[in-house]
Amino acid sequence: MQQLNGLHISRQESRRAFVLNVVNGMFFSFAETLMDPTLVLVWFVSRLTTSNLLLGLILPISSGGWFFPQLFLSGKVQQSTRKMPLYQVISVARFFTWLALAAALWWISAPAALLVLFYLLFLASRVAAGAAGIPFMEVTVKTIPMRARGQLFGMRLLFGGLLGLLGTRIVERVLLSE
């Protein structure tokens, strides 16, 4: 049993948290490759509109949606005694925003309606991602020893990048089939 940031956590629990965090990072990188704002989403929106303003809004929404909620939530999350339930709820909400967008692609054929829905769901997804970032980091700090965090994020990036290569092949096939 080791003490980590005031918590007593077994080596087995810490190792399990490490492995799950790396797997999470792999799938996160894969998903981010499939929904890359600078390539995939701009290409998608360009099929719905020729507006340079709307095309140019994708990246600021992506970045701003990540940072903006953190301004308001960081203090509240740090005061919270249980961070994992918050992370789980926000992650599920984020998942459902992307699921709703996928469903909209099947059922909505009007480009203007799809464009509006895309921006609403994309904004909701990015705000949820930003809100989930704080409890995610808090949980990581409480479950992964400091000496292992560099290795953790290195492995997340390495294996996530490798899985991301598969994602680029999928994106390539979709874009070339157009």
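The values are calculated or read from the model by the stated rules, or taken from the named source; none is laboratory data. Computed from a predicted structure; not experimentally measured. Methodologically, a virtual Cβ is constructed for each residue, glycine included, from the backbone with ideal geometry; neighbour enumeration extends over all protein chains shown. Just the protein is used for accessible areas: all its heavy atoms, side chains included, with ligands, DNA and RNA removed. Shrake-Rupley method; radii C 1.70, N 1.55, O 1.52, S 1.80 Å.
Among the numbered conditions (1) surrounded by 14 or more Cβ atoms within 10 Å (Cβ to Cβ); (2) of a type in the set (Ser, Thr, Tyr); (3) in contact with a Ser or Thr (Cβ under 9 Å, 6 or more places away or on another chain), the only one that Ser91 does not meet is (3). Checked against (1) open to solvent by less than 70 Å² (accessible area, probe 1.4 Å); (2) touching a Leu at 6+ places or on another chain (Cβ under 8 Å), Val141 meets all criteria but (2).
If you go through region 105-131 and keep only what is farther than 19 Å from Leu41 by Cβ and open to solvent by less than 30 Å² (accessible area, probe 1.4 Å), you end up with just Ala131. Among the residues of region 1-38, those that are over 30 Å from Thr97 (Cα atoms), at pLDDT below 90 and in a helix (DSSP H, G or I) comprise Arg11, Gln12, Glu13, Ser14. Residues that are at pLDDT below 95, part of a helix (DSSP H, G or I), surrounded by 15 or more Cβ atoms within 10 Å (Cβ to Cβ) and more than 20 Å from the chain's Cα centre (by Cα): does region 151-172 have at least one? No; the residues of region 151-172 include none that is at pLDDT below 95, part of a helix (DSSP H, G or I), surrounded by 15 or more Cβ atoms within 10 Å (Cβ to Cβ) and more than 20 Å from the chain's Cα centre (by Cα).
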